[in-house]
Amino acid sequence: GKEGTMLPFVVTYGGKFAGQVNVSNIVHGALSSATIGYWVDGALAGRGITPTAVALVIDHCLGPVGLHRIEIDIRPENAASLRVVEKLGLRREGYYERYLDIDGDWRDHIAFAITREELTTRMVSRLSRLPSPPG
């Protein structure tokens, strides 16, 4: 919004809309932090699209946007999202019980984070160490 508390990004693949990465809860000042959420069309899973998109957004937030810390909160049963933060090497920070009201129930989340000090190279360069997707 106009207050600069969020940054929405569209993810495209092959020139077509594939998903979103949203940076929300942007707080400057002493906290200098934000939360990232994301989704990609399930039909495009396994192609490295999500880790690449999230890596680019983290680089943008910890670089030009000037934030110090990025957090990603994931439901424990969301194996695909857990693989994304694992591939990117984010640090597990905590476990939030009954954290967000989703689908009419309070859902637990695992918190992952990275700070600017931990990012010795661009986040996207971490992806070059991953095996190439099939095809």
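Points worth noting:
- Å² per residue, accessible surface of the chain at 1.4 Å: 59
- Per-residue surface analysis assigns D108 an accessible area of about 50 Å², computed on protein heavy atoms at 1.4 Å probe radius.
- Magnitude of the charge dipole for the chain, about its Cα centre and with charges confined to Cβ atoms of Lys, Arg (+1) and Asp, Glu (-1), is about 580 debye.
- Surface share of carbon and sulfur [accessible, 1.4 angstrom probe, percent] for region 19-95: 54
- In this simple spin-label model, placing a label point 7 Å from the Cα along the Cα-to-Cβ direction at both V27 and A79 gives a separation of 3.5 nm.
- Volume of the convex hull of the chain (Cα atoms only), normalised per residue: 133 Å³.
- Cα-Cα pairs of region 86-129 separated by more than 17 Å (percent): 49
- Distance from region 32-67 to region 89-125 (C-alpha centre basis), Å: 12
- Cβ crowding within 10 Å averaged over residues, with 48-54, 58-64 ranked highest first: 48-54, 58-64
- Interatomic Cα distance distribution for region 45-120, bins of 5 angstrom, percent: 3, 15, 24, 22, 18, 14, 4, 1, 0
- Cα-based Rg / Dmax (Å) for region 54-95: 11.2, 33
The values are calculated or read from the model by the stated rules, or taken from the named source; none is laboratory data. This is a predicted model, so every value here is computed, not measured. Ideal geometry is used to build each Cβ from the backbone, glycine not excepted, and the neighbour counts take in all protein chains shown. Calculation scope for accessible area: heavy atoms of the full protein, side chains included, ligands and nucleic acids excluded. Shrake-Rupley method; radii C 1.70, N 1.55, O 1.52, S 1.80 Å.
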